[in-house]
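A.B. asks: I am attaching a structure below and will ask some questions about it afterwards.
The values are calculated or read from the model by the stated rules, or taken from the named source; none is laboratory data. Small disclaimer: the values here were computed from a predicted structure and weren't measured. Here the Cβ positions follow ideal geometry from the backbone for every residue, glycine too, while neighbour counts run over all protein chains shown. Calculation scope for accessible area: heavy atoms of the full protein, side chains included, ligands and nucleic acids excluded. Shrake-Rupley method; radii C 1.70, N 1.55, O 1.52, S 1.80 Å.
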Amino acid sequence: MKEHVDGGHGVAPPQSPGDAAETGHAVEALSRLFPALKGFERGQAASAFPAYETGTVPSELLALPEDGVGIDAAVDELATAVEHGCRIGAPGFVGFITTGATTAGVAAQAAAAAAGGQRYLLHAFNALEWTGLRWLAELCGIPSTAHGVFTSGGSTAQLLALGAARQAAFERLGVDVAAGGLPARTGRIYVSERGHRTIHRSAAVLGLGRGSVMSVPASPSGHIEVGALDDALRRDRARGVVPIAVVAVAGTTDTGSVDPFADVVEVARRHGSWVHVDGAYGLVANASAQVAQTFTGVGDADSWIVDPHKWLATGVGVGATYVRDRGVLARAFAEGEAAYLEGSFSRGAAAARSQFDLMGGGWADESLELSAPPRGVLVWAVLREIGRRGVAERVERHLGFARHIADRVRADRRLELLCDAQLSIVCFRYAPPAGADGDALTERVLERLRCETPFVPSSTVVRGAVAIRPCFINPRTTLAHVDGLVDAVLALGGELTAAA
Ligand SMILES: *Cc1c(COP(=O)(O)O)cnc(C)c1O
């Protein structure tokens, strides 16, 4: 495909031999991939998808070639990877809190890969980045005055929000942590014992230390004990500990519990603390009027995170952080003046005539990323397709699935309910016969579900007992899959206890 042109020998100007990479036929390459993509899609849609084999690729694909194989062969090898791809979007997959992209997410990802470039320049995808941020906030009940930035997911979103909280907490004491580092004062983050571990990791990265995260007791249903939170804050204040943030969880990862925001905000404010809402999983549920009451007071927080790649099914790689104080992210995360950037933009917004005249958003100074894809287009695309009603209906359907399992478990003596349905999560197991090891039995049931059935939940521990924990956020899951999961647990549990 390429021509080699002889370079000159000191006399003639050097000639370009051209690049080894094919650069003008992305559409043809995609069409070459289509049969494999279609096959994957069909397999994913089949309700009785067979065993999820681990799916390796031929070893020659894993060797760095000296001379490339060329674009056609490389795309054919990609097709092999597609055939053995990740089946996380299959309708029976209800594990963790994760799912595959719907069609709109895939199309938006392809469009962004081809034409999205960088999110920070002035082009259509930059406009959709802003739109995606605004719509997501509106859907989740985050104030329209809050300032947001997309991130690679909840983990990074958490780090940004808690970094903003750390900046603000020490600013109140006259210290600019971003400039001068942490002072010799103990800072504390408060979250229920059911808080996500990315809070601890954020504390470690932010120099506060994992030990700075105080685990506040939770009720049996997984909600933070507000009285215990109040006591902890009061005790710490008397000792001069700096409250960095109180984290209220909008849907815990284990049981889907939503903390009582209004009470948490009242207590935190009384002790002078920032309130951060970890809504990575559950805040999207606030789009449904049916559940909105659970979220009363959520708009009064100082920061929020939400993961469009969970319930909105954009495909992985999209989280978002919002803050009430519009300047705090830049005070905490600015890269600082850089000649290579500052001098490159000379026009004000009104005068911009080229997409390279101006930064179309200050996110480069308000997050951990200078270069970043326009993730907002994925959010824009899924919301444009199904609207607010489509999201609300999805949420309500999924909440119904969790309640349906809880009802079936209550009605069947062979099953045991470990935590009632909250949002779209429910925890149950096959009831162990007297004297049997219930945890070992549940682990066995889970393993056989993964290896022998299309139904793949994950697990957690509820008050010391291993639980089967489906979480419904997958748009492809239907009631038949929900019943299929319960039937499979009954069948496997029955078989395993009869054999014992
Ligand atoms: C999933 C989750 C996170 C982490 O988000 P990732 O996108 O997986 O990095 C944080 N908090 C809660 C409550 C979550 O459910």
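A.B. asks: Pulled fully out, how much extra length does the chain show between Ala107 and Arg403, if you take 0.36 nm times their separation in residues and subtract their Cα-Cα distance?
C.D. replies: 103.2 nm
A.B. asks: Moving on. Cα convex hull of region 125-271: mean projected area in nm², to one decimal? Write down the numbers at each step before the final one.
C.D. replies: Details: hull surface 39.0 nm².
Answer in nm², one decimal: 9.8.
A.B. asks: Rg over Rh of region 393-488, using C-alpha atoms and the Kirkwood radius, what does it come to?
C.D. replies: Taking Rg over the Kirkwood Rh, I get 0.95.
A.B. asks: Here is a follow-up. Along the Cα→Cβ direction, 7 angstrom out, place labels at Ala12 and Glu193. What is the inter-label distance in nm?
C.D. replies: In this crude spin-label approximation the distance works out to 7.9 nm.
A.B. asks: May I pose another question? Compute the Rg/Rh shape ratio of the chain: radius of gyration over Kirkwood radius, all on alpha-carbon atoms.
C.D. replies: We get a ratio of 1.02 for the chain.
A.B. asks: Continuing with the same structure: Given the -39500 (n - 2.57) contribution per DSSP H run of 4+ residues, what per-residue ellipticity at 222 nm results for the chain, rounded to the nearest 500 deg cm²/dmol? If you can, show how the numbers build up before the last one.
C.D. replies: Working: 14 runs with 198 residues, N = 500.
The helix-only estimate for the chain comes to -13000 deg cm²/dmol at 222 nm.
A.B. asks: Tell me, rounded to the nearest percent, the portion of alpha carbon pairs in region 338-416 spaced more than 21 Å apart.
C.D. replies: Distances greater than 21 Å cover 61 percent of the Cα pairs.
A.B. asks: Between Glu393 and Val69, how many nm apart are label points set 7 Å from Cα along the C-beta direction?
C.D. replies: 4.3 nm
A.B. asks: As an exercise, use a Förster radius of 22 Å and the Cβ-Cβ distance of Arg384 and Phe34 to find the FRET efficiency, rounded to the nearest 0.05.
C.D. replies: About 0.40, to the nearest 0.05.
A.B. asks: If packing is taken as the average number of other Cβ atoms within 10 Å across a peptide's residues, how do 242-254, 274-286, 144-156 rank, most packed first?
C.D. replies: Packing proxy ranking, top to bottom: 274-286, 242-254, 144-156.
A.B. asks: Suppose accessible area is computed on protein heavy atoms with a 1.4 Å probe; arrange Tyr322, Tyr430 from highest to lowest.
C.D. replies: Descending accessible area places them as Tyr430, Tyr322.
A.B. asks: Let me ask something additional. Of Glu66, Glu60, which has the most accessible area with a 1.4 Å probe, and how do the rest follow in descending order?
C.D. replies: Glu66, Glu60
A.B. asks: When you have a sec, figure out the Kirkwood radius of region 78-121 from all distinct Cα pair distances and drop it here in Å to one decimal?
C.D. replies: On the way: mean 1/r = 0.0792 Å⁻¹.
The answer is 12.6 Å.
A.B. asks: Given a 1.4 Å probe and the protein chains all in place, what does the accessible area of Leu418 round to, in Å² to the nearest 10?
C.D. replies: We get 20 Å² for Leu418.
A.B. asks: Any idea what diffusion coefficient region 205-313 gets from Stokes-Einstein, in µm²/s, Kirkwood Rh on alpha carbon pairs, 20 °C, 1.002 mPa s?
C.D. replies: 147 µm²/s
A.B. asks: Starting from 0 in steps of 5 Å, tell me what percent of the Cα-Cα pairs of region 12-167 lands in each bin.
C.D. replies: For region 12-167, the binned pair fractions read 1, 6, 10, 14, 14, 15, 14, 11, 7, 4, 2, 1, 0, 0 percent.
A.B. asks: Let me ask another. Report the one residue of Ala245, Val258, Leu312 whose Cα lies farthest in the direction of the positive end of the charge dipole of region 200-315 (charges on C-beta: Lys and Arg +1, Asp and Glu -1; origin at the Cα centre).
C.D. replies: Working it through, the farthest residue towards the positive pole turns out to be Ala245.
A.B. asks: Is any helix in the chain, taking whole DSSP H runs, at least 20 angstrom long along its axis by alpha carbon and on average at least -1.0 on the Kyte-Doolittle scale, and which ones? List each step's numbers first, then the result.
C.D. replies: On the way: long enough: 26-45 (26 Å, 0.09); 124-140 (24 Å, 0.47); 154-171 (25 Å, 0.43); 376-410 (43 Å, -0.09); 438-452 (21 Å, -0.58); 479-499 (30 Å, 1.19).
Going by DSSP H runs, the hits are 26-45, 124-140, 154-171, 376-410, 438-452, 479-499.
A.B. asks: Would you kindly state how much longer the chain becomes between Leu490 and Arg185 on full extension, computed as 0.36 nm times their sequence separation minus their alpha carbon distance, in nm to one decimal?
C.D. replies: 104.4 nm
A.B. asks: Enumerate the residues in region 395-419 having an amide nitrogen under 15 Å from the point lying 7 Å beyond the Cα of Ala289 toward its Cβ.
C.D. replies: 396
A.B. asks: Now for a different question. Kindly report the accessible area of the chain per residue (heavy atoms of protein chains, probe 1.4 Å, no ligands, DNA or RNA), in Å².
C.D. replies: Numbers: 22790 Å² over 500 residues.
Per-residue value: 46 Å².
A.B. asks: What FRET efficiency comes out for His25 versus Arg235 if R0 is 51 angstrom and r is the Cβ-Cβ distance? Round to the nearest 0.05.
C.D. replies: The formula returns an efficiency of 0.20 here.
A.B. asks: I'd like the carbon and sulfur percentage of the solvent accessible area for the chain, probe radius 1.4 Å, heavy atoms only, ligands and nucleic acids excluded.
C.D. replies: 55 percent
A.B. asks: Sorted by accessible area (1.4 Å probe), largest first, how do Arg234, Arg331, Arg463 line up?
C.D. replies: Arg463, Arg234, Arg331
A.B. asks: Need one value: the accessible area of Cys86 in square angstrom, 1.4 angstrom probe, rounded to the nearest 10.
C.D. replies: Accessible area of Cys86: about 90 Å².
A.B. asks: Is region 107-186 rounded, prolate or oblate when judged by the Cα gyration tensor, a ≥ b ≥ c being the square roots of its eigenvalues, rounded requiring a/c under 1.5 and prolate requiring a/b larger than b/c?
C.D. replies: prolate
A.B. asks: Same structure, new question: Keeping all protein chains in the complex and leaving out DNA, RNA and ligands, what accessible area do you get for Thr102 with a 1.4 Å probe, in Å² to the nearest 10?
C.D. replies: Counting only protein heavy atoms, the figure is 20 Å².
A.B. asks: Let me ask you something else. Cysteines without a disulfide-compatible partner in the chain, using Cβ under 4.7 Å as the rule?
C.D. replies: Cys86, Cys140, Cys451, Cys471
A.B. asks: Still on this structure, please answer the following. Taking amide H positions as placed 1.01 Å from N in the peptide plane, with prolines and chain starts having none, which residues 5 or more places from Arg119, or on another chain, fall under 5 Å of its amide H?
C.D. replies: Here Ala372 satisfy the definition.
A.B. asks: Something else: Using a simple spin-label model with points 7 Å from Cα along the Cα→Cβ vector, what separation in nm is obtained for Ala434 and Ala351?
C.D. replies: 8.7 nm
A.B. asks: By how many nm would the segment from Leu173 to Glu447 lengthen if fully extended, with 0.36 nm per residue of separation less the alpha-carbon distance? Working shown, then result.
C.D. replies: Numbers: separation 274, 0.36 × 274 = 98.64 nm, distance 5.24 nm.
Separation in residues times 0.36 nm, less the Cα-Cα distance, equals 93.4 nm.
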